[in-house]
């Protein structure tokens, strides 16, 4: 039976060359003339500029950023955003670029008293590049006496003092934020080109871009959180996926295609530690394409070798980041390469179903074995919390670290409001309809191949070692993977929604919808675009009408007091978001921070957060003293606030420390009596500063 299957594969590859239908010259971008390329490039550039302006305007409307003081701009970057921005500020303001790099490579104020290479830990290459560029830009302004910013005084009212505010790219904060928006504009341009290439029609590009804008609030949050890693990395994911689609479709892949995959994947991975999990889903999709014979072994290996080179380059550029050694991404790549190399032996098995089962078993077994083995050999525990989070979602498992995650709404299961929102704009129904049609056409081709021994390829440009719709099926598999991720973690809808927009582009594909007359097909596309616009325009109007202003006088008062009244070597502990602000705006050493992906940092934070437990305050004091803390910041709201029942910090600690259950939390006691701490230094409505 195995020999017969091999003969069928050979007959498919031969028949694919002889049974091609003629097709429109406008159907595949690679076959059109340069005027068409130029038109696509112009439209892509226009969409890129529009998206840059849109997110920039929304960012300004949310914070009134142009009229904030330097301190207010810094404090508006909450949680890990402030932490990332602080390293950009370090490089930009250091006596020299080399000195700034030394400060972040041998940083002793992020996890005092330990020295940490934060470039290795936090994926800070965007900050390194922007910091270096700001230094060059500032030098240019000073050397040639060119004004780079415009400053004026702002009356804030409400009894608050007047502040100076500066606009222009000569301002350190503006120089950081706006390149992020330019990058997301570039992402939209690439998104349009990818959708056009995939669908073979400019209409497909329009569908994708319209879907993205109409579902903007569900597709991105770059306008609210520019310093986050995803803001720099996600645009490069679109470029990386484009390169993957091109290699799947191209005639004869070679080392240049491998280099393309390696280059784009390296660029995507460098800014974001989460990139490895996205690439894991990509390896799974490639494995699925290979197993189902959508792509041949040579093409599969070129894709995997390109990913492997990128993985190795990232390991080097990130100074040996241990998360990359024990990643499932690396394990899955190695497993797939082994399976492909064993193709000759596996194809001798008696039946295709047995081959599939064997390949799937080997993939799962080898991936878990390599992952667990490397983690144990190198004693890597940094990503252990990810498995605990997944375990907590499907069992009654709970511990301190998982509750900190799953109690946050963005780490909860996705709610019904998301599918309802994207259904009102027709994005979900259209993507589902396209997926059904695509799967039906694939199954029909499979039936003709396995039953009749023939396969017709509609596109003469398709490679002979690929089945029809290989690149479309890859996008479908990738979208399914992103949807699963989004269902488990609501925050990851920022992957699934753009993927659904990309699927929607295939509604305009003549290749996928060849069974519909051309004029009827185009009428359907325009009808869908029109119906999408009804709810989509309403969503855009809501975004255009958004208006707010940043104002946090309590945090500003705390930071100004710390700057004026504490020594530069004072060591602070407190909630993770506030510690990021203290490090950024005061430069004082801190012992914990919001970047929770390191095992050691998680344990540090757990010790500091004993403050919000029901343990005796004397025990909390001793713990902090042993960590070399000199100042503690207490936030009373953290004693009481909860996103849902059982999620306040004292309730979380009841799971870890049942012996003290029922006692008054230490943070509540300290509001009225600072004992055993030395004295109370500062207090306002939100913050209490104690000295050890």
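Only one of 287, 274, 268 is within 30 Å of residue 231 (Cα to Cα), modelled with pLDDT of 95 or more and under 17 Å from the mean Cα position of the chain (by Cα). Can you tell me which? Can you show your working first?
Details: 287 fails: under 17 Å from the mean Cα position of the chain (by Cα); 274 fails: modelled with pLDDT of 95 or more.
Testing whether each residue is within 30 Å of residue 231 (Cα to Cα), modelled with pLDDT of 95 or more and under 17 Å from the mean Cα position of the chain (by Cα) leaves just 268.
Take segment 19-60 and flag every residue that is farther than 18 Å from residue 178 by Cα, modelled with pLDDT of 95 or more and surrounded by 15 or more Cβ atoms within 10 Å (Cβ to Cβ). Residues satisfying the conditions are 43, 44.
With respect to residue 273, is the statement that it is farther than 27 Å from residue 536 by Cα and in a helix (DSSP H, G or I) true? Before the answer, list the steps.
Values: farther than 27 Å from residue 536 by Cα: yes; in a helix (DSSP H, G or I): no.
Considered against the rule, which asks whether it is farther than 27 Å from residue 536 by Cα and in a helix (DSSP H, G or I), residue 273 comes out as no.
Looking only at segment 150-192, count every residue that is in contact with a strand residue (DSSP E or B) (Cβ under 8 Å, 6 or more places away or on another chain) and farther than 27 Å from residue 233 by Cβ and tell me the total.
Pass one, segment 150-192, residues in contact with a strand residue (DSSP E or B) (Cβ under 8 Å, 6 or more places away or on another chain): 150-154, 156, 162-168, 174.
Subset that is farther than 27 Å from residue 233 by Cβ: 150-154, 156, 162-168.
Total satisfying the criteria: 13.
Based on what the data block shows, is residue 680 surrounded by fewer than 16 Cβ atoms within 10 Å (Cβ to Cβ) and within 22 Å of residue 561 (Cβ to Cβ)?
yes
Assess whether residue 607 counts as being free of Cβ contacts under 8 Å to residues at least 60 places away in the same chain, in a loop (DSSP other than H, G, I, E, B) and either more than 32 Å from the chain's Cα centre (by Cα) or surrounded by 15 or more Cβ atoms within 10 Å (Cβ to Cβ) (or both). Criteria not met by residue 607.
Screening residue 614 on (1) more than 30 Å from residue 161 (Cβ to Cβ); (2) at pLDDT below 90; (3) outside any helix (DSSP H, G or I) shows it passes everything except condition (2).
Of all the numbered requirements in (1) under 16 Å from the mean Cα position of the chain (by Cα); (2) over 14 Å from residue 49 (Cβ atoms), residue 195 misses one, and that requirement is (1). What about residue 104, is it more than 22 Å from residue 233 (Cα to Cα), surrounded by 14 or more Cβ atoms within 10 Å (Cβ to Cβ) and in contact with a helix residue (DSSP H, G or I) (Cβ under 7 Å, 6 or more places away or on another chain)? No, not satisfied.
Exactly one residue out of 320, 312 is more than 17 Å from the chain's Cα centre (by Cα) and either at negative phi or modelled with pLDDT of 95 or more (or both): that is 312. Scanning segment 631-677 for residues that are touching a strand residue (DSSP E or B) at 6+ places or on another chain (Cβ under 7 Å) and at pLDDT 90 or above yields a total of 8.
Conditions: (1) at pLDDT 95 or above; (2) under 23 Å from the mean Cα position of the chain (by Cα). Residue 489 meets all but one. Number of the miss? Of (1) at pLDDT 95 or above; (2) under 23 Å from the mean Cα position of the chain (by Cα), only one is false for residue 489: (1). With respect to (1) modelled with pLDDT under 95; (2) in the same structural domain as residue 540 (by TED's automatic domain parsing); (3) out of contact with any strand residue (DSSP E or B) (no Cβ under 7 Å at 6 or more places or on another chain), the lone exception for residue 63 is condition (2).
Answer yes or no as to whether residue 248 is at pLDDT 95 or above, in the same structural domain as residue 418 (by TED's automatic domain parsing), surrounded by 22 or more Cβ atoms within 10 Å (Cβ to Cβ) and part of a helix (DSSP H, G or I). No. Residue under question is residue 184, and the condition is that it be in the same structural domain as residue 503 (by TED's automatic domain parsing), within 30 Å of residue 550 (Cα to Cα) and surrounded by 13 or more Cβ atoms within 10 Å (Cβ to Cβ); does it hold? Taking the combined requirement at face value, the residue satisfies it. Among residues of segment 649-661 that are closer than 14 Å to residue 607 by Cβ, those with a Cβ under 6 angstrom from a residue that is assigned to a helix (DSSP H, G or I) and modelled with pLDDT of 90 or more, sequence gap 6+ or separate chain, pair up as 649/612. Applying the criterion of at least 1 residues that are touching a residue at least 24 places away in the same chain (Cβ under 8 Å) and buried (at least 18 other Cβ atoms within 10 Å of the Cβ) to the helices (runs of 4 or more DSSP H) found wholly in segment 295-388 leaves 297-317, 322-325, 328-341, 352-377. Close Cβ contacts (under 7 Å, 6 or more residues apart or on different chains) running from residues in segment 477-490 that are at positive phi to residues that are assigned to a helix (DSSP H, G or I) and crowded, with 19+ Cβ neighbours inside 10 Å are absent.
Checked against the criterion of being surrounded by fewer than 16 Cβ atoms within 10 Å (Cβ to Cβ) and either outside the structural domain of residue 574 (by TED's automatic domain parsing) or closer than 20 Å to residue 581 by Cα (or both), segment 656-666 has no qualifying residue.
The values are calculated or read from the model by the stated rules, or taken from the named source; none is laboratory data. Note that the structure is a prediction, hence the values are computed from the model and not measured. Positions of Cβ are generated from backbone atoms using ideal geometry, with glycine treated the same way; all protein chains shown enter the neighbour counts.
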